[in-house]
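So the structure is just underneath, and the comments pick up after that.
The values are calculated or read from the model by the stated rules, or taken from the named source; none is laboratory data. All values derive from a computational prediction rather than experimental measurement. Neighbour counts run over all protein chains shown; Cβ positions are idealised from the backbone, glycine included.
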Amino acid sequence: MKVDCTVEIQGHIIDSLTLPKIMDTILDLGAAYTIKEIKIGNDKTNVSYARLNVFADSHEILDNVLDNITKQGATLLEEKNVTLGECPKDRTLPDDFYSTTNMITEILLNDEWVPAGNTAMDCAIVVDEKNKKACCTKLSQIKKGDKVVMGHDGVKVHPLRKHEDKSIFTFMGSEISSEKPKSLLINKIAKRMQEIKENNEGKILFVLGPAVVHTKSRDNFIKLIKMGMVDYMFAGNALATHDIEADLYGTSLGISLEDGNPIPGGHSHHLRAINKINQQGSIRNAVESGVLKTGIMHACIKNDIDFVLAGSIRDDGPLPEVITNTVTAQCEMRKRIQDVKMTIMIASMLHSIAVGNLLPAYVETVCVDINPAVVTKLSDRGSFQTMGLVTDVEAFIRDLVCALERIAVK
Amino acid sequence: MTKILMCPPDYFSISYAINPWMKVGENSDPEKAKKQWETLKETIEQLGAKVEAMPAQPGLPDIVFTANAALVYKNNAVISRFKFKERIPEEKFYAEWFEDSGYNVTYLPIGMSFEGAGDALFLNDTLFSGYVPRTDIHSHTLISKLLKIRVLSLELRDSRFYHLDTCFCPLTDGYLLYYPDAFDDYGNKVIENNVSENKRIKVSEEEACMFSCNAVNVDKSIIMNKTTSRLRKEIENKGFTLYEVDMSEFLKSGGSCKCLTLKLD
């Protein structure tokens with residue numbers, strides 16, 4: 001749907017059947033609509049009100065729809081330009097600034113629709129009037145003198161329309177349940193990943209928690225890297241530390257990955273691993289010098305996978321590549337997210353929520369966790385596009401690799 | 001007592017064609033028209049209603065159709081805004097009459113067409129209002145807010161029945177005389193949702209073309225142009241008395257009994 005407009009209808013539109021008639025007319029003429037607002041009169045003498053967004057594939061269709069529905073009582077709403085306000089100092093917005101959603105947004109700037117770049121929720125829209133550009137900007141990045149969008153006038157948000165979405169979302173639905181047939185879902189995810197790669201639709205981002213190492217899923221994840229299914233990897237200090245620990249000591253958090261038993265002195269392995277890397281100066285140096293021979297980090301460096309490791313207060317070390325300034329880490333993640341088409345979040349509540357907050361709604365997001373509450377939490381915090389898969393991460397990654405291998409064989 | 005506004009056909013003629021019934025060159029007979037109009041007036045008066053007459057105006061042949069003067073509700077008169085330029089000059093004379101008669105006169109925005117009681121008829125406390133051929137549906141919302149009344153919109157889809165009063169006639173005790181095919185499915189649904197089946201009297205295409213719906217109702221009496229024996233029987237079965245008055249000269253202009261009258265109460 002390429003063109004759209006907003007119309008309003010008021011009067012006794014429910015009992016006159018004017019509203020259903022207009023809706024039917026829109027659909028009959030090959031366009032579509034979403035209801036933006038509806039107020040029903042609460043007695044016989046009170047009028048009702050509805051505001052609809054009408055979408056069509058061409059101006060001809062839209063004009064034809066408008067010709068018809070204006071006769072039936074719809075009124076085309078005039079579009080207003082955005083109002084801009086100036087930021088008084090760094091990291092400070094004027095009151096009544098427009099706060100973004102994670103959906104594609106456009107602004108009407110001097111009678112021209114301009115897309116707001118870097119779609120993300122909880123941002124202000126910084127406008128460059130001279131170059132006709134607009135960009136969703138986090139509070140931390142606001143500079144004194146920036147011009148930002150105020151109020152709601154001239155802001156158009158494009159909602160996700162599920163019926164048009166041919167992705168796995170239509171298949172999976174949004175409910176989170178451990179009762180869903182996993183293999184079916186995983187096959188669909190694999191197929192979709194393959195499509196994204198084949199059609200060059202965008203990048204695939206993985207967000208990993210340390211359970212990937214604890215559950216001995218490293219080898220299967222490395223297979224995903226080698227298949228070319230991983231473009232970006234976001235994780236924390238723990239995933240990298242335990243991955244390196246596994247390579248250097250054969251343990252993950254002191255537990256043997258061979259027999260699952262604790263190793264004497266194993267509790268210090270993660271610290272010793274970090275220390276080894278520090279001796280080399282960085283994970284990259286450790287790979288290049290041959291100190292680090294296998295593992296996820298090793299595969300990322302060897303296969304040029306762009307990764308961001310973001311730190312937290314609990315971290316030991318941390319490793320040299322871990323970004324400890326959260327604002328810097330957020331910026332690094334946002335830089336990479338712009339061309340991401342699909343995100344798979346595995347076994348990391350904090351990193352999943354953090355990345356979820358940065359993702360535009362059009363990014364197909366799969367959250368895999370043994371705990372359904374993680375997926376629910378992600379959705380509750382606004383990343384409603386997330387589809388949840390409640391399962392063991394080791395089983396998920398293994399099945400995903402198998403599914404991709406089957407597709408490759410075919 | 002029912003009060004009705006009429007205007008004598010002193011200058012009535014077919015000078016232009018703004019509906020499918022009007023054919024320039026097929027003029028009406030002035031004497032015959034005058035006689036028919038007077039018979040209608042007398043019949044109304046005999047039924048106990050009071051007729052108020054406003055003066056005719058030279059050059060305005062259709063001012064005779066006072067149904068299109070305004071919508072009258074309590075002491076309010078919402079003056080018509082005619083769709084066709086030929087009838088726009090009538091607005092001023094109707095407005096003057098209502099102003100002089102002490103009504104609270106309201107004007108809709110210029111350019112928003114609304115043709116008075118020709119397209120707006122009360123059935124109980126709901127105003128049914130026609131739209132598309134002559135009246136802009138957007139006027140319905142304004143009228144609803146202005147008069148604080150429920151207005152139900154009905155699209156007229158047959159150009160022969162260009163005003164609501166040519167195909168929809170509310171009667172005493174909640175009865176309705178109407179021609180269903182003049183409305184689309186939505187309109188028929190609205191009518192069916194608001195008027196119970198035993199109160200609906202449907203007319204056929206033949207009867208509709210005889211302007212059977214364009215009737216004047218005074219209490220339990222109905223005055224209409226000639227109609228079929230079938231409809232007469234059905235109307236009488238509902239307890240009404242039917243009076244047929246020949247309106248042939250006005251039919252040439254696409255109007256009949258109801259178009260020539262405007263109820264003032």
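Screening the candidates B:142, B:108, B:147, B:152 for the property of being surrounded by fewer than 24 Cβ atoms within 10 Å (Cβ to Cβ), in contact with a helix residue (DSSP H, G or I) (Cβ under 7 Å, 6 or more places away or on another chain) and within 11 Å of chain A (Cβ to nearest Cβ) yields one hit, B:152. Note on the range A:1-26: among residues that are among the charged types (D, E, K, R) and more than 10 Å from chain B (Cβ to nearest Cβ), the one that is nearest to the chain's Cα centre (by Cα) is A:2. Suppose we keep only residues that are assigned to a loop (DSSP other than H, G, I, E, B) and without any contact (Cβ under 8 Å) to a residue 12 or more places away in the chain within the range A:17-43. Which one would you say is nearest to residue A:73 (Cα to Cα)? Restricting to residues being assigned to a loop (DSSP other than H, G, I, E, B) and without any contact (Cβ under 8 Å) to a residue 12 or more places away in the chain, the top hit is A:17. State yes or no: is residue A:373 assigned by TED's automatic domain parsing to the domain that holds residue A:315, hydrophobic (A, V, I, L, M, F, W, C), over 19 Å from residue A:192 (Cβ atoms) and buried (at least 24 other Cβ atoms within 10 Å of the Cβ)? Answer is no for this residue. Selection of the range B:133-184 for residues being among the basic types (Lys, Arg) and touching a residue at least 24 places away in the same chain (Cβ under 8 Å) yields B:134, B:150, B:157, B:160. Inspection of the range A:317-336 finds a residue satisfying the criterion of being in a strand (DSSP E or B), assigned by TED's automatic domain parsing to the domain that holds residue A:354, modelled with pLDDT of 95 or more and touching a helix residue (DSSP H, G or I) at 6+ places or on another chain (Cβ under 8 Å).
Between B:100, B:165, the distinction of being more than 14 Å from chain A (Cβ to nearest Cβ) and surrounded by 19 or more Cβ atoms within 10 Å (Cβ to Cβ) belongs to B:165 only. Within the range A:343-370, the set of residues being under 9 Å from the mean Cα position of the chain (by Cα) and buried (at least 24 other Cβ atoms within 10 Å of the Cβ) comprises A:343, A:355, A:356, A:358, A:359, A:364, A:365. Under the condition of being at pLDDT 95 or above and within 15 Å of residue A:376 (Cβ to Cβ), the residues counted in the range A:337-356 number 1. Of all residues in the range A:334-353, those that are more than 16 Å from residue A:136 (Cα to Cα) and without any contact (Cβ under 8 Å) to a residue 40 or more places away in the chain total 1. For the range B:177-194, a residue qualifies if it is within 14 Å of the chain's Cα centre (by Cα) and either more than 26 Å from residue A:45 (Cβ to Cβ) or among the aliphatic types (A, V, I, L, M) (or both), and exactly one does: B:177. One residue stands out in the range A:80-112 among those that are touching a Gly at 6+ places or on another chain (Cβ under 7 Å) and part of a loop (DSSP other than H, G, I, E, B): the one that is nearest to residue A:5 (Cα to Cα), namely A:80.
For the range B:228-265, filtering for residues that are in a helix (DSSP H, G or I) and of a type in the set (Ser, Thr, Tyr) leaves 2. Name the residue that is farthest from the other protein chains (Cβ to nearest Cβ), counting only residues in the range B:181-214 that are aliphatic (A, V, I, L, M) and assigned to a loop (DSSP other than H, G, I, E, B). Ranking the candidates gives B:210 first.
Whether a residue is surrounded by 16 or more Cβ atoms within 10 Å (Cβ to Cβ), more than 22 Å from residue A:339 (Cα to Cα) and in the same structural domain as residue A:17 (by TED's automatic domain parsing) was assessed, and residue A:66 passes this test.
Total residues in the range A:69-108 satisfying the condition of being within 14 Å of another protein chain (Cβ to nearest Cβ) and either buried (at least 17 other Cβ atoms within 10 Å of the Cβ) or β-branched (Val, Ile, Thr) (or both): the figure is 6.
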